[in-house]
Amino acid sequence: MTGQSPRGDLVPSGIVAMLGTRGPTSRTAIARNLGLSPATVTQVTKDLIARGVVEELESVPSNGGRPARLLGLVSRTGVALGAKVTADHVAVVTVELDGSVRSSSSHDFDPRADDAIDRLGRILTQEVAGLDDQLFGVGVGVPGSVDSQASGIVDAPTLGWRAAQVGPLLRQAVGTPVLVDNDVNTLAAAERLYGIGREHSSYLVVTIGRGIGCGMVVDGGIYRGANGGAGEIGHIPVWAGTDDQPLCTCGSTGCLEAYIGADGLVRTARGRGALGPRGTLAGLLRAAAAGDEAAQAVYADAGDLLGRALAGVIHTVDPEVVVLLGEGVDGWEFWQPGFEPSFRRSLLPARKGVPVLVEPWTEDQWARGAASLVLASPFDSAGNGGEQSRLVRARLGAS
């Protein structure tokens with residue numbers, strides 16, 4: 001949480017969120033991880049104990065002196081709702097403070113319909129019914145640029161959305177705090193709370209699947225850029241030629257995503273005869289797993305392109321570690337032979353040792369990441385969530 005220390009009214013919700021996401025913790029550890037003085041932690045936790053939100057648990061050994069007393073939450077009944085919007089459905093989960101998914105569902109969805117956002121509002125209204133005092137807020141992840149989590153204005157070419165008023169319309173429909181961000185940024189937020197972000201303050205979360213995305217965490221905070229579009233590495237130009245360049249979803253040509261996103265892999269495989277004219281990505285993966293050298297070469301070449309492009313991002317951002325996620329990691333063993341030598345060869349000597357971690361993937365992770373926008377609000381000292389984060393903190397602090 002380095003660089004994201006709570007101040008003032010952030011402190012109670014910050015402590016509650018930390019105990020919820022990390023479990024029982026000593027006052028000393030709370031002060032260290034949140035960048036607070038021991039006196040502040042003592043005073044605030046005293047109030048939280050008096051209100052029945054926090055309780056003292058067992059003691060643990062310390063290095064000299066009295067054993068440290070652990071603090072824990074009296075109850076974990078509160079939840080955040082997370083929704084991941086795709087081109088054909090909305091995945092929704094309810095997530096507890098510790099990151100566990102309480103329930104999940106999926107709803108058919110046409111983002112290009114005239115009433116698409118109203119329809120999304122009806123889906124979320126249905127999902128929050130009955131949660132009421134248990135609900136801290138709603139997080140929404142979209143495959144596009146979002147000007148800020150607070151306003152929630154979305155540009156998402158793959159959904160057909162331009163300056164879509166997602167945040168304002170959903171808040172009006174649902175009647176609860178709503179935070180909206182790029183879907184890969186939501187995964188970066190989840191890593192801050194439950195994954196690599198506990199140990200590292202600067203890291204990249206790179207997703208491979210239908211598209212290629214990147215969430216950038218710098219000094220403990222998600223870097224969003226001037227207009228909320230930072231991390232669109234799928235649109236890095238990787239082809240200098242002028243002939244036969246596939247058209248990207250962004251409308252340009254020569255983009256990384258157009259070559260190694262899901263559609264790009266299938267196009268390449270069909271062109272090389274590794275798939276038939278109606279072959280699918282699932283078929284390509286089955287062929288590679290069965291030992292088909294042509295199919296394996298498609299993945300290896302994609303890995304080579306990804307490695308060279310990602311090396312450029314490493315030189316720009318200088319992260320401590322890279323996490324790879326997304327639907328595409330199911331076939332990572334076939335990407336890796338092309339990725340690893342290309343990536344390491346393209347790095348400066350001082351950066352060649354940067355770790356790349358590949359994490360298991362489940363469909364719920366997108367929506368769980370969206371819920372993490374809500375649960376990370378107490379650590380939002382940069383103010384990305386604006387009034388919506390303040391409303392979430394008020395609910396958390398009163399839990």
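The values are calculated or read from the model by the stated rules, or taken from the named source; none is laboratory data. Keep in mind it's a predicted model, so treat the numbers as computed, not measured. Virtual Cβ from ideal backbone geometry, glycine too; neighbours counted across all protein chains shown. In case anyone asks, the SASA skips ligands and DNA or RNA and just uses the protein heavy atoms, side chains included. Shrake-Rupley method; radii C 1.70, N 1.55, O 1.52, S 1.80 Å.
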How would you classify the chain from its alpha-carbon gyration tensor, with a ≥ b ≥ c the square roots of the eigenvalues: rounded for a/c under 1.5, else prolate if a/b is greater than b/c, otherwise oblate? prolate
Going by alpha carbons, how many degrees (0 to 90, nearest 10) lie between the helix axis of 364-375 and the longest principal axis of the chain? 40 degrees
What does the accessible area per residue of the stretch 175-303 come to in Å², with a 1.4 Å probe and no ligands, DNA or RNA counted? 41 Å²
Mind ranking 156-169, 178-191 by how tightly packed they are, going by the mean number of other C-beta atoms within 10 angstrom, highest first? 178-191, 156-169
Once the dipole of the chain is set up with Lys and Arg at +1 and Asp and Glu at -1 on Cβ about the Cα centre, which of 189, 28, 280 lies farthest towards its positive end? 28
Residue 292 and residue 102 label points (each 7 Å along its Cα→Cβ direction) are spaced in nm at 4.5 nm
Enter the angle in degrees (range 0 to 90, nearest 10) between the Cα long axis of helix 38-50 and the first principal axis of the Cα atoms of the chain, meaning the one along which they spread out most. 80 degrees
By per-residue mean of other Cβ atoms within 10 Å, what is the highest-first order of 356-369, 296-309? 296-309, 356-369
Go through 139-146, 102-109, 258-265 and give me the packing order, highest mean Cβ count within 10 Å leading. 139-146, 258-265, 102-109
Give the distance, in whole Å, between the Cα centre of the stretch 85-148 and the Cα centre of the stretch 278-340. 30 Å
Computed accessible area, residue 248, all protein chains, 1.4 angstrom probe, square angstrom: 10 Å²
Fraction of beta bridges assigned by DSSP in the chain that are antiparallel (%, nearest 5): 65 percent
Would you mind working out the magnitude of the charge dipole of the chain relative to its Cα centre, with +1 at each Lys and Arg C-beta and -1 at each Asp and Glu C-beta, to the nearest 20 Debye? 960 debye
Computed FRET efficiency, Cβ-Cβ of residue 112 and residue 253, R0 30 Å: what is it to the nearest 0.05? 0.80
Return one number: the angle in degrees, 0 to 90 and rounded to the nearest 10, between the long axis of the Cα atoms of helix 183-194 and the longest principal axis of the Cα atoms of the chain. 40 degrees
Could you tell me which trypsin sites (Lys or Arg not before Pro) in the stretch 247-282 are loop residues by DSSP with no more than 12 other beta carbons within 10 angstrom of their beta carbon? 278
Counting only protein heavy atoms and using a 1.4 Å probe, what share of the accessible area of the chain belongs to carbon plus sulfur, as a whole percent? 50 percent
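Relative to the present Cα-Cα distance, how much length would full extension add between residue 348 and residue 74 at 0.36 nm per residue of separation?
93.6 nm
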Potential lengthening between residue 226 and residue 162 on full extension [0.36 nm per residue; Cα-Cα distance subtracted]: 21.3 nm
With contacts defined as alpha carbon pairs under 8 Å and 6 or more residues apart, what's the relative contact order of the stretch 132-275 in percent? 17 percent
Prolate/oblate/rounded label for the stretch 264-399 (Cα gyration tensor, a/c 1.5): oblate
With labels modelled as points extended 7 Å from the Cα through the Cβ direction, what inter-label distance (nm, one decimal) is found for residue 89 paired with residue 315? 4.2 nm
